[in-house]
Amino acid sequence: MHVETYQAYRAALLPFFTLADDSAVQIAGYIALGEVLVARDGDAIIGHAQVIETDDPGVFELKSMAVGEARQGEGIGRALVEATVALCREQGGRRLIVSTAAADTGNLRFYQRQGFRMERIVRDAFGPATGYAEGLLVDGIPLRDQVFLDRDLEADGER
């Protein structure tokens, strides 16, 4: 398995983007932004990570990331995060943010294990007004609130 920059047509990665986000409206709004890294096993793409610049200089956002369900738990997500961190540092990044659903305890656990810390919560971020179906559940928990986490790229040497 190796991670590389993806230069081809991003619609080919739509299955990975839809693993990461339940809203086609939201995906359509950001799929073309930033840079995308892919994890490959031979020629097969097994995961992706999309990183975008924010309005705050030196702050990047890990906007979308997913690993194919059959390959989860193999360290591919960790490799994608580390490649994203390296890319951000190469571009002068000092901080990397990511957001996920408060209901998605698996994602919250994953990102904290990768050195991210809770930053803030946006209540009622997921619903029909933002392109998400009414009544969505994540592991039996209503999909409502969004959690932002961040990783200080300058302090990483202290971890």
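FYI, it's all coordinate maths here, none of it is from the lab. The structure presented is a predicted model; accordingly, all values stated were derived computationally and were not measured. Positions of Cβ are backbone-derived with ideal geometry, glycine not excepted, and every protein chain shown enters the neighbour counts.
Within the stretch 38-61, restricting attention to residues that are hydrophobic (A, V, I, L, M, F, W, C) and in contact with an Asp or Glu (Cβ under 7 Å, 6 or more places away or on another chain), which residue is surrounded by the fewest Cβ atoms within 10 Å (Cβ to Cβ)?
Residue satisfying both the conditions and the ranking: 52.
Hey, can you tell me all the residues within the stretch 108-159 that are among the polar types (S, T, N, Q) and within 14 Å of the chain's Cα centre (by Cα)?
Once the filter is applied, which keeps residues that are among the polar types (S, T, N, Q) and within 14 Å of the chain's Cα centre (by Cα), the stretch 108-159 yields 112, 114, 146.
May I ask you to say which residue of 84, 105 is over 12 Å from the mean Cα position of the chain (by Cα) and either buried (at least 16 other Cβ atoms within 10 Å of the Cβ) or farther than 17 Å from residue 57 by Cα (or both)?
Selected residue: 105, the only one of 84, 105 that is over 12 Å from the mean Cα position of the chain (by Cα) and either buried (at least 16 other Cβ atoms within 10 Å of the Cβ) or farther than 17 Å from residue 57 by Cα (or both).
Exactly one of these conditions fails for residue 153: (1) without any contact (Cβ under 8 Å) to a residue 60 or more places away in the chain; (2) of a type in the set (A, V, I, L, M, F, W, C); (3) in contact with a Lys or Arg (Cβ under 7 Å, 6 or more places away or on another chain). Give me its number.
With (1) without any contact (Cβ under 8 Å) to a residue 60 or more places away in the chain; (2) of a type in the set (A, V, I, L, M, F, W, C); (3) in contact with a Lys or Arg (Cβ under 7 Å, 6 or more places away or on another chain) applied to residue 153, the lone miss is (1).
Is at least one residue of the stretch 110-127 surrounded by 13 or more Cβ atoms within 10 Å (Cβ to Cβ) and closer than 15 Å to residue 34 by Cβ?
No - not one qualifying residue is present in the stretch 110-127.
Of the residues 66, 129, 83, which single one is closer than 20 Å to residue 23 by Cβ and either in contact (Cβ under 8 Å) with a residue 40 or more places away in the chain or touching a helix residue (DSSP H, G or I) at 6+ places or on another chain (Cβ under 8 Å) (or both)?
None of the others qualify; the one that does is 66.
Please enumerate the residues belonging to the stretch 99-124 that are without any contact (Cβ under 8 Å) to a residue 24 or more places away in the chain and either touching an Asp or Glu at 6+ places or on another chain (Cβ under 6 Å) or part of a loop (DSSP other than H, G, I, E, B) (or both).
The answer is 123, 124.
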